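**Student:** Okay, here's the structure, questions in a sec.
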Amino acid sequence: MKIFKLKYLIQGWWLFVIAIAVVVGPSIAYAAEITMGSGGNLIFAPNEVTIKAGESVTFTNGELPPHNVVVKDHPELSHSDLAFMGGESFTVTFPESGEYEFQCDPHAGAGMKGVIHVE
Ligand SMILES: [Cu+2]
């Protein structure tokens, strides 16, 4: 009786581990994605992401364009060209760890800012 319970417990544990791997796996493999002007608001969504050094973040234009991405103190990581078209996107790779604050220049005053943590 006790052995049967242990068997089900182990099976349940493995199902749990597999379920976590299915949910978390893709988000580790993928670069992070951020929408500019999400849901009709002047925001980056999400406005905070964590990636590993060498990984990339893809910024996709949502609503209320134009938007851009200017990384504080890092012109080489910035995409100052304004994106006017909905769905337009660009990808920025962050080779080194650190805290990268960024903003959309036209909408920084409205709070369109974010931070990328690179581990
Ligand atoms: Cu903007």
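**Student:** Ranking Phe90, Phe44, Phe84, Phe59 by Cβ neighbours within 10 Å, fewest first, what do you get?
**Tutor:** Ordered by Cβ neighbours within 10 Å, fewest first: Phe84, Phe90, Phe59, Phe44.
**Student:** Quick one: if you stick a label point 7 Å off each Cα along the C-beta vector at Thr58 and Glu119, how many nm between them?
**Tutor:** 2.2
**Student:** Taking N as the number of residues in segment 48-119, what value does Rg over Cα atoms divided by 2.2 N^0.38 Å take?
**Tutor:** Details: Rg = 11.7 Å, N = 72, 2.2 N^0.38 = 11.2 Å.
Dividing the Cα radius of gyration by 2.2 N^0.38 Å gives 1.05.
**Student:** At a Cα cut-off below 12 Å, give the aspartates and glutamates reachable from Lys52, other chains included and same-chain residues fewer than 8 away excluded.
**Tutor:** Within the straight-line cut-off, Lys52 pairs with Glu96, Glu99, Glu119.
Where a number appears in this text, it was derived from the coordinates with a stated rule and is not lab data. These numbers were taken from a predicted model, which means no experiment stands behind them. Don't worry about glycine lacking a Cβ; one is built from the backbone with ideal geometry, like all the others, and counts go over all protein chains shown.
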